[in-house]
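Below you'll find the structure, written out as structure tokens, and then a few comments.
The values are calculated or read from the model by the stated rules, or taken from the named source; none is laboratory data. Predicted model, so just to flag it, every value in this text is computed and none were measured. In this analysis, Cβ positions are derived from the backbone assuming ideal geometry, glycine residues included, and neighbour counts consider all displayed protein chains.
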Ligand code: NOJ
């Protein structure tokens, strides 16, 4: 009997609509552009497309500041276009997954306009308003995630409102039952439209502490990161279980929540049969090259064993509870070939190494647009060229800390979210075939070499490698169901693991370094069949620079250092 659900067997493809495909020529990607590309997406083996927010928004944070949850942003199209996309996707076996941004709204949402209009307004309590400290300062010393105070003073009513992110993104007050009811109603509205699930934004921040108070200062701005004060507060799960009961329970959909700050021990209450969601996007394996201080975005050296341990811990945790959403890229992250490899890496090999891991961990692979082409980071000459609100905040903090303009810009090159937001590279034609107009954000200059049109023709391309991996995952049940066991745990060059199901094993070997390495697992070629690799051949017991291989072993095989 097949016990897995459809979303455990499929691939999820994440689309940043603004940058995916522009059908109208205004330089901004749109819903009809996505519909045009559905066959391309289906050919990747994808069964669910997660759209980052497409609702009406002033776009201060590119749609994560929502002004109307039940209407489509005019620059992306109309509700009819959305309904058409859902229908056309369904015809191809693809479900559309919406992004729910429920920690905050836009300051242009009618709820907030009402809330700020009068101290006595019935929606005053829908947001988090507090008096100034006796000296007139903000109610607490919390720094928002994009930099600056997490509080903004409102002249009209003489109080401050709280915003975990930008000042244009005021936080909703989840303690108010009317707020919760209206949010559940919005999610149900989209379920009625036939969507296949939800990605739920910034969910760990919805519950605020009972008393809002100062925390120890952690930066030169005299503030303390809001995350420390509000992430994953006691009592949060009561609301999330209510959310599940009122919206998701019993439906043939999936939920994946963005959950910074949830530890492995807490997982059973968050995911799985008794948890609130199906999957959690946690970040323990990401940003290893970034200092983990409250001001982030300063480079630090990292080791492969850190990445391996983080992934293995998540694999173990999700064996017991829930299901793992494997990912290495999204719209907030630099491109993975830049994040996980040195500057001089052969980027094509590196993109294939990441893909190999992505598809062979136990869980559902999440592919971010352009990752399947091996798209890379960009470097622009000044901060004015950037759109990302977080990059601008980080640049300002770096200057405040005493770094030079050039150094601050170098941090932006490395960590900017715009690295992932440059337009999709479809062809080598003008603007990479993304738009016939002026693109809203500059393209990555390498679109002549890195584009989907060209890669479709090239057997050896990253795109064709993705196609092969998707096929393997369909052909070999063990990749869906087999257990995970890490091998060569202490090795700083090779990430090796196996998936085990009864007498079968799949062995995955990936060399993350530019140096050839002998490995000490017993000869695999004798009883192992090479299913896939990113080199043309596969010499025994040696992995070359950035080499990835996947073997299948049937019958009894003894693998050194492993219990099975
Ligand atoms: C997480 C989203 O992924 C990010 O893009 C956004 O800026 C914040 N949440 C705020 O909604």
First in the stretch 44-68 and on the phi > 0 side of the Ramachandran plot, second anywhere and near the ligand (Cβ under 9 Å from one of its atoms) and modelled with pLDDT of 95 or more, Cβ under 7 Å, 6 or more apart:
63/52; 63/53
Taking the condition of being more than 26 Å from the chain's Cα centre (by Cα), within 15 Å of residue 231 (Cα to Cα) and surrounded by 13 or more Cβ atoms within 10 Å (Cβ to Cβ), how many residues in the stretch 178-213 meet it?
1
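Rundown of residues vs (1) assigned by TED's automatic domain parsing to the domain that holds residue 19; (2) within 16 Å of the ligand (Cβ to nearest atom); (3) under 16 Å from the mean Cα position of the chain (by Cα); (4) within 25 Å of residue 64 (Cβ to Cβ), yes/no style:
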position	(1), (2), (3), (4)
250	yes, no, no, no
262	yes, yes, yes, yes
265	yes, no, no, no
278	yes, no, yes, yes
303	yes, no, no, no
320	yes, no, no, no
333	yes, yes, yes, yes
For the subset of the stretch 81-110 comprising residues that are free of Cβ contacts under 8 Å to residues at least 60 places away in the same chain and closer than 16 Å to residue 169 by Cα, which member is farthest from the ligand (Cβ to nearest atom)?
110
Which of the residues belonging to the stretch 195-212 are in contact (Cβ under 8 Å) with a residue 12 or more places away in the chain, over 17 Å from residue 145 (Cα atoms) and out of contact with any strand residue (DSSP E or B) (no Cβ under 8 Å at 6 or more places or on another chain)?
209
Do you know which of the residues in the stretch 152-165 that are part of a loop (DSSP other than H, G, I, E, B) and closer than 18 Å to residue 133 by Cα is farthest from the ligand (Cβ to nearest atom)?
158
Is it true that some residue in the stretch 238-246 is touching a residue at least 24 places away in the same chain (Cβ under 8 Å), assigned to a loop (DSSP other than H, G, I, E, B) and away from the ligand (no atom under 16 Å from the Cβ)?
no
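Yes/no per residue for (1) in a helix (DSSP H, G or I); (2) in contact (Cβ under 8 Å) with a residue 60 or more places away in the chain; (3) surrounded by fewer than 24 Cβ atoms within 10 Å (Cβ to Cβ):
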| site | (1), (2), (3) |
| --- | --- |
| 342 | no, yes, yes |
| 345 | no, yes, yes |
| 350 | yes, yes, no |
| 367 | no, yes, no |
| 375 | no, yes, no |
| 381 | no, no, yes |
| 384 | yes, no, yes |
Which count do you get for residues in the stretch 81-117 that are over 30 Å from residue 13 (Cβ atoms) and either in contact with a helix residue (DSSP H, G or I) (Cβ under 7 Å, 6 or more places away or on another chain) or buried (at least 21 other Cβ atoms within 10 Å of the Cβ) (or both)?
5
Would you check if residue 168 is part of a loop (DSSP other than H, G, I, E, B), more than 28 Å from residue 392 (Cβ to Cβ) and either at pLDDT 95 or above or within 15 Å of the ligand (Cβ to nearest atom) (or both)?
no
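Determine, yes or no, whether residue 359 is under 20 Å from residue 279 (Cα atoms), away from the ligand (no atom under 16 Å from the Cβ) and either touching a residue at least 12 places away in the same chain (Cβ under 8 Å) or not assigned by TED's automatic domain parsing to the domain that holds residue 544 (or both).
Working: under 20 Å from residue 279 (Cα atoms): yes; away from the ligand (no atom under 16 Å from the Cβ): yes; either touching a residue at least 12 places away in the same chain (Cβ under 8 Å) or not assigned by TED's automatic domain parsing to the domain that holds residue 544 (or both): yes.
Considered against the rule, which asks whether it is under 20 Å from residue 279 (Cα atoms), away from the ligand (no atom under 16 Å from the Cβ) and either touching a residue at least 12 places away in the same chain (Cβ under 8 Å) or not assigned by TED's automatic domain parsing to the domain that holds residue 544 (or both), residue 359 comes out as yes.
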Criterion violated by residue 125 - all others in (1) more than 14 Å from the ligand (Cβ to nearest atom); (2) crowded, with 17+ Cβ neighbours inside 10 Å; (3) in contact (Cβ under 8 Å) with a residue 24 or more places away in the chain satisfied
(2)
